[in-house]
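Q: This is the structure, below, for whatever I ask next.
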Amino acid sequence: MKKLLLSLALMAQVGLTMAHDKANTTMVQVRNDNVKMFKQAGTSTPIVETIATTDRVELVRKFNKNWAIVLVNNKVGYVLLSELTNLKATPASRTLAKQ
């Protein structure tokens, strides 16, 4: 039940973020193939997706100093910031990062 509530809260947060301003999204890439996207911010949580360098990765927001929330193939999850490249600051991502 707790996992279901956390998943619903994450989806609602991402939905609201995406509805806020679609024009100011930040596209990023992963540094290597087979980067794991996790269900929660932690490497011991379930893997949602394995990301390749050719995948379209949208930075939703930075979660904390180590993790980012990303959207890949219509799936939302957490990726280590150290695995991402081309992080360009946009007005939306700077605003979201401060929240």
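Every read-out reported here was derived from the displayed coordinates using simple, explicitly stated rules and does not represent laboratory data. This is a predicted model, so every value here is computed, not measured. For neighbour counting, all protein chains shown are included, and Cβ atoms are generated from backbone atoms with ideal geometry for every residue, glycine included.
Q: What nm value, rounded to one decimal, do you get for the distance between Met1 and Lys65 when each label is placed 7 Å out toward the C-beta?
A: 3.7
Q: What residues qualify as long-range amide H neighbours of Trp67, i.e. H under 5 Å apart, gap of 5 or more or another chain, H built at 1.01 Å from N?
A: Here Leu81 satisfy the definition.
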